[in-house]
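The values are calculated or read from the model by the stated rules, or taken from the named source; none is laboratory data. Source: prediction; values computed, not measured. Reconstructed Cβ throughout: ideal geometry from the backbone, glycine too, with neighbour counts over all protein chains shown. In case anyone asks, the SASA skips ligands and DNA or RNA and just uses the protein heavy atoms, side chains included. Shrake-Rupley method; radii C 1.70, N 1.55, O 1.52, S 1.80 Å.
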Amino acid sequence: MKAVQFASVEEQFQKYAGELHASDVRKLEEWVKGQPHLPPVSELELILFLHSNYYDLEAAQRTIECYYTFRTSCKNLFGSRSFEKGTIQMAMDVLDLAILPDLTPEGYRVLLAKVVDPDASKFNLASLLTLAIMCIDIQLWQEGCNNGSILIIDMDGIHLGHLPKLGIFTLKDLLYFIQEGLPIRLKGLHLANVVPFIDRIMTMIRPFMKKELLEMLHLHTTMPTLYPYVPQRILPVDYGGMARPRKVLRDELYNHTMECGEFLANYDQVKRVDETKRIVKSRTIGNLFGLF
């Protein structure tokens, strides 16, 4: 097992001096300790939750609650996070996920995803998302806070045979987690090389998207309209940019995440909510999903 090199807490305070205050981290830490159903939360995680919520303590508390409750209860995305599973192995063959090495001028981290196997029989949305979240977990812990994140989904290669595979409940789970639980500052969601049936996909997902997410969603029929948001030069060379090829970045990310696989498995066992210890029962998992 390869140890995860967690981002330095000291560097987070230096990077966001004037905004990130130790006193707020302590307040959030005391709040977590007062919630017996929650697992231990590290100082770096507390900082991630605070930063992603622009240092609003109450909002950070809500994100913490959602993050651990959802990860404990949502078996669809967090039920089998093991690289020994055949579904995850197949997901790595179907999906290329790359984290671009350079930031945008605004300091945003960019993730690029593309389905590379057109065989719809191999397409399992839950497994693809499980793999992606495993990679994002490691990236978050190792990089720490950044100014924001942008996700690009290159839809080239997706066809009508994939449409029935887009399970509505899995999409609902994903959009809930992105909007309520993932401790990042999402700055953009870009669908590039959009497919002709994008309107049918939008009909499926729009009911689960808040106004803020809809406003940062951009559809691009070709790549050039993406460049005002993500400069072409930071894209992989196969997209006309200066970064290494997508496949190389993808292999690096997957290999590193696999090396941390045992750590991820241990994390999932420890970072669980114990519902028997929850003091306030009003926000159960049943109405957690009913927020939309």
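Rg/Rh for the stretch 92-148 (Cα atoms only, Rh after Kirkwood) is 1.04.
How much mean residue ellipticity at 222 nm does the chain get from its helices, if each DSSP H run of length 4 or more adds -39500 (n - 2.57) and you divide by all residues, to the nearest 500 deg cm²/dmol?
On the way: 13 runs with 128 residues, N = 292.
My calculation for the chain gives -13000 deg cm²/dmol from helical runs alone.
Within the assembled protein chains, the solvent-accessible surface assigned to Asp56 is about 70 Å², based on a 1.4 Å probe. Take every DSSP beta bridge whose two residues both sit in the chain; close to 20 percent of them are antiparallel.
Taking 7 Å steps out from each Cα toward its Cβ at Gln14 and Arg185 produces label points 2.0 nm apart.
Please report the carbon-and-sulfur percent of the accessible area for the chain; probe 1.4 Å, protein heavy atoms only, DNA, RNA and ligands left out. Please report the intermediate quantities before stating the final value.
On the way: 7520 of 13420 Å².
Carbon and sulfur: 56 percent of the exposed surface of the chain.
Which log10 I(q)/I(0) values does the stretch 57-166 give at q = 0.09, 0.20, 0.22, 0.24 Å⁻¹ under the Debye formula, counting every alpha carbon as one identical point scatterer? Debye intensities relative to I(0), on a log10 scale: -0.29, -1.19, -1.28, -1.34. Remark: the His21-Glu252 segment gains 79.7 nm on full extension, using 0.36 nm per residue and subtracting the alpha carbon distance.
For the stretch 86-258, a simple Cβ point-charge model (Lys and Arg +1, Asp and Glu -1, everything else neutral) yields a dipole of about 260 debye relative to the Cα centre. Rounded to the nearest 10 degrees, the angle from helix 246-259 to the longest Cα principal axis of the chain is 30 degrees. Pairs of C-alpha atoms in the stretch 86-258 farther apart than 30 Å represent 10 percent of all such pairs. Reducing the stretch 69-142 and the stretch 12-66 to their Cα centroids gives an inter-centroid distance of 25 Å.
Can you give the Rg/Rh ratio of the chain, where Rg is from the C-alpha atoms and Rh is the Kirkwood radius? It would help to have the intermediate numbers written out before the result.
Numbers: Rg = 18.8 Å, Rh = 19.9 Å.
Here the Rg-to-Rh quotient is 0.94.
Comparing Asp154, Asp117, Asp199 in a Gaussian network model of the chain (Cα springs below 10 Å), the most mobile by mean-square fluctuation is Asp199.
Largest mean-square fluctuation among Leu125, Leu264, Leu163, in a Gaussian network model of the chain whose springs join Cα atoms under 10 Å apart, belongs to Leu163. Only protein heavy atoms count here; under a 1.4 Å probe, Lys165 has an accessible surface of about 80 Å². A Gaussian network model of the chain, with springs between Cα atoms under 10 Å, assigns the largest mean-square fluctuation among Asn124, Asn255, Asn147 to Asn255.
Accessible surface area normalised per residue over the stretch 150-292 is 52 Å², counting heavy atoms of protein chains with a 1.4 Å rolling probe. Net length available on complete extension from Leu103 to Thr222 is 40.7 nm, with 0.36 nm assigned per residue and the Cα-Cα distance removed.
Straight-line cross-link reach from Lys33 at under 30 Å between alpha-carbon atoms covers these lysines, not counting any fewer than eight positions away in the same chain: Lys2, Lys15, Lys75, Lys271, Lys277, Lys281.
Think of the chain as a dipole: +1 on every Lys or Arg Cβ, -1 on every Asp or Glu Cβ, centred on the Cα centre; then among Ile201, Ile64, Val94, Ile201 lies furthest on the positive end. Using Cβ point charges alone (K and R +1, D and E -1), the dipole size of the chain about the Cα centre works out to roughly 700 debye.
Toward the positive end of the charge dipole of the stretch 86-258, with +1 on the Cβ of Lys and Arg and -1 on the Cβ of Asp and Glu, the farthest Cα among Pro228, Val116, Leu103 is that of Pro228.
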